[in-house]
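*Asks:* Following this message is one structure expressed as structure tokens.
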Amino acid sequence: MQPDAVHRRLEALSTIATEDKPVNGLFRLLASPVIWEMAYASIRTNKGAMTPGVDGLTIEALTPDRIQSIIDQVMTGTYRFSPVRRVYIPKPNGGKRPLGIPTAGDKLVQSACRLILERIYEPVFSDRSFGFRPGRSCLTALSEIKQTWNGAVWLIEADLRDCFGSFNHSRLLALLAQRVQDKNFLRLIGGMLKAGYLEDWQYHRTFSGTPQGGVISPLLANVYLHELDEFMERLVQDYSRGTKRAANPEYTRLANRLRTARDQRDRLGRDADPEAIADADAKIADLARQTRLLPSKDAFDPNYRRAWYARYADDFLLGTVGTKEEALGLKTAITEFIAELDLAIAPEKTRVVKSEKGVVFLGYEVRVDNPKRMTRVTVHNRTVTKRMASRQITLAAPFARLRRFANSHGYGSLDTLNASSRSSLTSIEDAEIISLYNAEIRGLLGYYQLARGASGNDLNRLVHLWQTSLLRTLAHRHRSTVTAQARRLKSNGNSVAYRTQTGKTRRIKMWDWSDFKTRPISDWRIDRVPSNWQAYAGDRVGMVQRLGAEHCEQCGATENLTIHHIHAMRDTKDLTAIQRRRSARIRNTVVLCDTCHRARHGITTSAIEESS
């Protein structure tokens, strides 16, 4: 099948899916080399591309011959998935999360299947689902909450227990079969699910779940949880009623009295008795003060109810307007439906919370503002006291997380703002120290850009601690003082100079609040998966054509070809920190024969003979 035909077929899958029709012929698509080229392009720059599976091989092992062998095995039905290598990564709360690492070949097959399934399911997934989807991220979910959940009274926080490890395989395949009428393709997905895992070199069968770390696992999780999304959307629709809240009777009464008092004051005129004018003004001021202390709408209007829902992977949040009993009823209904999906919620992480108290969702503290807060504003050249909009959703960075971040990076105490020097960095150059500090804080604040104003809040405290720690580290290195280092950087435009390998002198600037620019929502695509046609087309000349050239780009040999990652992590061990970060951003590939590939890695023929 020609590349243009493959492209048209993939586009047609989305159209068929939006028409709620089943699709077929997916397995035939896997016979096209174009699909595999696109699949390879989508995983070769992933963070885990150089992480080996149980066979010890990385993506570098995917030579053109090996890729063709994988295609042949898949099409003949003889391909067998290897068990994933199970490792454990630390969780923020101190526990550990199991992570399954597939082999390089399995990653490629999963990527090809994901490429096809993504075209089918993305058009039909719920708009309230934000996790692991192209063009969506944690920040898009939080921005949606901030903009549309105003007025929430209760927040229902929920977390699915061992979500990725609990999916019922039969149910998942049945859900896929509702839209995919291709037995061979479904059999391939089933083989992925039943591959098992190795832990301490002991094989374990998998009877449920899909391993975290698999290329296709997030998509399969969204397919499984799509039923939950649909249930929640129906629940929200059935619960919501009324167009707007009824007026607060007490507020209306006081507002009418205030209006009457102002009319009476206007009728007094300028020639009235000064004492009468003063009494009228005092009465107006008192009534205005009382109205500001009351909500204009009835917060307990029984004819007005609202609910909102957002899910990111196995974490979801529900906001409601209503009574606590109603919120508890919704929580019970959700728990029962989740049990029908053969899943369970974690009781310690599932609760109903008053919205003023707030909950932590996706690393942010989500709560509503205190409705009694006042502010001074200027109206028609006159400064007046005005009540802020009540029950506005506020997103804040949790202090506990900022404290943990400061402690883990050795900045010092965030509680007392007592900064520390990082003695482990005093042996490297000033430019590298500043570059490392910049990368750490910009990454954190880039994520917390939705948190409210920087002035006077916990983020501002963290920046102050970070900056002082940086200056202390520089002072430690130069056996100087913090004041001297601050003065030195300030006189040099808040930057230091360093010389590159090409002889050019460059400057590294110490980051400041004024350098931080928030990004528009269209750029918050941290979960974007580069598996679409545009990403593939942009990379085709650089990688795919080289794969198809079938010759070594260094010596011209046509046998024993392999793919070399120019900037693989093991190639950068002798580089500076700045050069390593630059290499990570521009890591490219080149097709080499086996001899040239060994030479690139410094492996001589004599060394190979000695090892054998």
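*Asks:* Out of curiosity, is residue 100 open to solvent by less than 10 Å² (accessible area, probe 1.4 Å), farther than 18 Å from residue 6 by Cα and either out of contact with any Gly (no Cβ under 9 Å at 6 or more places or on another chain) or not in a helix (DSSP H, G or I) (or both)?
*Replies:* The answer is yes for residue 100.
*Asks:* Report, ordered by the first and then the second residue, all pairs with beta carbons closer than 7 Å, sequence separation of six or more or different chains, a first member in the stretch 429-451 that is modelled with pLDDT under 90, and a second member that is charged (D, E, K, R) and open to solvent by 20 Å² or more (accessible area, probe 1.4 Å).
*Replies:* That search, which allows pairs on different chains as well, returns 450/146.
*Asks:* Also, quick follow-up: Looking at 310, 327, which one is among the small types (Gly, Ala, Ser), surrounded by 15 or more Cβ atoms within 10 Å (Cβ to Cβ) and in a helix (DSSP H, G or I)?
*Replies:* Checking each option against the conditions leaves just 327.
*Asks:* Cβ-Cβ distance below 9 Å, separation of 6 or more or different chains: which pairs start in the stretch 73-96 with a residue that is more than 21 Å from residue 51 (Cβ to Cβ) and end on one that is among the small types (Gly, Ala, Ser) and open to solvent by 50 Å² or more (accessible area, probe 1.4 Å)?
*Replies:* 74/31; 75/31
Here's the yes/no breakdown for (1) touching a residue at least 12 places away in the same chain (Cβ under 8 Å); (2) open to solvent by 20 Å² or more (accessible area, probe 1.4 Å); (3) in a helix (DSSP H, G or I); (4) touching a strand residue (DSSP E or B) at 6+ places or on another chain (Cβ under 9 Å):
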site: 108; (1), (2), (3), (4): yes, no, yes, no
site: 112; (1), (2), (3), (4): yes, no, yes, no
site: 123; (1), (2), (3), (4): yes, yes, no, no
site: 127; (1), (2), (3), (4): no, yes, no, no
site: 145; (1), (2), (3), (4): yes, no, yes, yes
site: 151; (1), (2), (3), (4): yes, no, no, yes
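*Asks:* Let me ask something else. State which residue is least open to solvent (accessible area, probe 1.4 Å) when the search covers only the stretch 354-371 and only residues that are of a type in the set (D, E, K, R) and in contact with a helix residue (DSSP H, G or I) (Cβ under 9 Å, 6 or more places away or on another chain).
*Replies:* 365
*Asks:* Suppose we keep only residues that are among the polar types (S, T, N, Q) and outside any helix (DSSP H, G or I) within the stretch 236-253. Which one would you say is farthest from residue 121 (Cα to Cα)?
*Replies:* In this case the residue turns out to be 248.
*Asks:* Restricting attention to the stretch 261-299, report how many residues are open to solvent by less than 60 Å² (accessible area, probe 1.4 Å), closer than 30 Å to residue 320 by Cβ and not in a helix (DSSP H, G or I).
*Replies:* Looking only at that region, the number is 4.
*Asks:* Against the condition part of a loop (DSSP other than H, G, I, E, B) and among the hydroxyl-bearing types (Ser, Thr, Tyr), how does residue 140 come out, does it pass?
*Replies:* no
*Asks:* Quick check, is residue 258 touching a helix residue (DSSP H, G or I) at 6+ places or on another chain (Cβ under 9 Å) and in a loop (DSSP other than H, G, I, E, B)?
*Replies:* When the stated conditions are applied, residue 258 does not pass them.
*Asks:* Every residue in the stretch 179-235 that is under 17 Å from residue 341 (Cβ atoms), in a loop (DSSP other than H, G, I, E, B) and among the hydroxyl-bearing types (Ser, Thr, Tyr), please.
*Replies:* The answer is 210, and nothing else.
*Asks:* What do you reckon, is residue 351 touching a residue at least 24 places away in the same chain (Cβ under 8 Å) and either among the aromatic types (Phe, Trp, Tyr) or open to solvent by less than 50 Å² (accessible area, probe 1.4 Å) (or both)?
*Replies:* No.
The values are calculated or read from the model by the stated rules, or taken from the named source; none is laboratory data. Note that the structure is a prediction, hence the values are computed from the model and not measured. Cβ: placed from backbone, ideal geometry, glycine included. Neighbour counts: every protein chain shown. Please note that ligands, DNA and RNA were not included when accessible areas were found on the heavy atoms of the full protein model with its side chains. Shrake-Rupley method; radii C 1.70, N 1.55, O 1.52, S 1.80 Å.
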